[in-house]
Amino acid sequence: MSVVWRANKDLLDPLFADDVEEFLADSPYAWYVLSGYRSNEEQKILWEAYQKGGPRAAPPGRSAHNHKLAVDVVLDADAAMPGLQPSWNTKLPAWLWLKAASIPHPRIRGGWRFGDWPHLQSTLWKDGRYPTEEVA
């Protein structure tokens, strides 16, 4: 249907950005990409908020967002209305489509696997690191 980028697509890994664009464009639902690349400073703010009970976030440097390999999306619940009508209700068919479509995708992993439904990341990101990185 449609994909609207509110995040800077040019700051993402180009192959991943193209995959996200094609993946969401194939959806029968309207999606907004709200977040993409984050600096360590931005991630630190989110991590500290998470530590105080806020939304899920990884520590700085351990998020796929810090490595240009993740985005956060939201469903536009009414694409016929001007502007974003966000819906975070993951029981809606659109969110179930997102989950089902991400399972067989060769390069996109859905965050529903770890309780973060709006999160999509590259399969290059595994367990908080690139596959070629050594575990600290």
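Grab the other residues whose beta carbon is less than 11 angstrom from that of ASP72, score K and R as +1, D and E as -1, and report the net.
Net of charged neighbours comes to +2.
Rank-order 92-98, 27-33, 80-86, 115-121 by packing density, defined as the average count of other C-beta atoms within 10 Å over each peptide's residues, highest first.
115-121, 27-33, 92-98, 80-86
What's the center-to-center distance, using Cα atoms, between region 38-72 and region 88-111 in Å?
So the two Cα centres are separated by 21 Å.
Using the crude model of +1 on Lys and Arg Cβ and -1 on Asp and Glu Cβ, and no other charge, please compute the dipole size for the chain relative to its Cα centre, in debye to 20.
440
So what's the net charge close to GLY110: Lys and Arg +1, Asp and Glu -1, counting the other residues with Cβ under 10 Å from its Cβ?
Result for the neighbourhood of GLY110: +2.
With a point put 7 Å past each Cα toward its Cβ, work out how far THR123 is from LEU11 in nm, to one decimal.
2.7
List the residues whose amide H sits under 5 Å from the amide H of THR123, counting only those 5 or more places along or on another chain, with H placed 1.01 Å from N in the peptide plane.
When sequence neighbours closer than 5 places are left aside, the close amide H contacts are ILE108, ARG109.
How charged is the neighbourhood of LYS99? Take every other residue with its Cβ under 13 Å from the Cβ of LYS99, and add Lys/Arg as +1 and Asp/Glu as -1.
+2
Order the peptides 11-17, 44-50, 70-76, 101-107 from the highest to the lowest mean number of other Cβ atoms within 10 Å of their residues.
Result, highest mean first: 70-76, 11-17, 44-50, 101-107.
Suppose we keep just the alpha-carbon trace of region 2-122; what are its Rg and Dmax in angstrom?
13.8, 39
Rounded to the nearest 500, what is the 222 nm mean residue ellipticity of the chain from helices alone, with -39500 (n - 2.57) per DSSP H run of 4+ residues and division by all residues?
Theoretical 222 nm ellipticity from helices: -7500 deg cm²/dmol.
Could you give the length gained by full extension between TRP97 and ALA49, i.e. 0.36 nm per residue of separation minus their alpha carbon distance, to one decimal place?
14.3 nm
Read the figures in this text as sums done on the coordinates, not as results from a lab. Owing to the predicted nature of the structure, the values given are computational and were not obtained by experimental measurement. All Cβ positions, glycine included, derive from the backbone under ideal geometry; neighbour counts span all protein chains shown.
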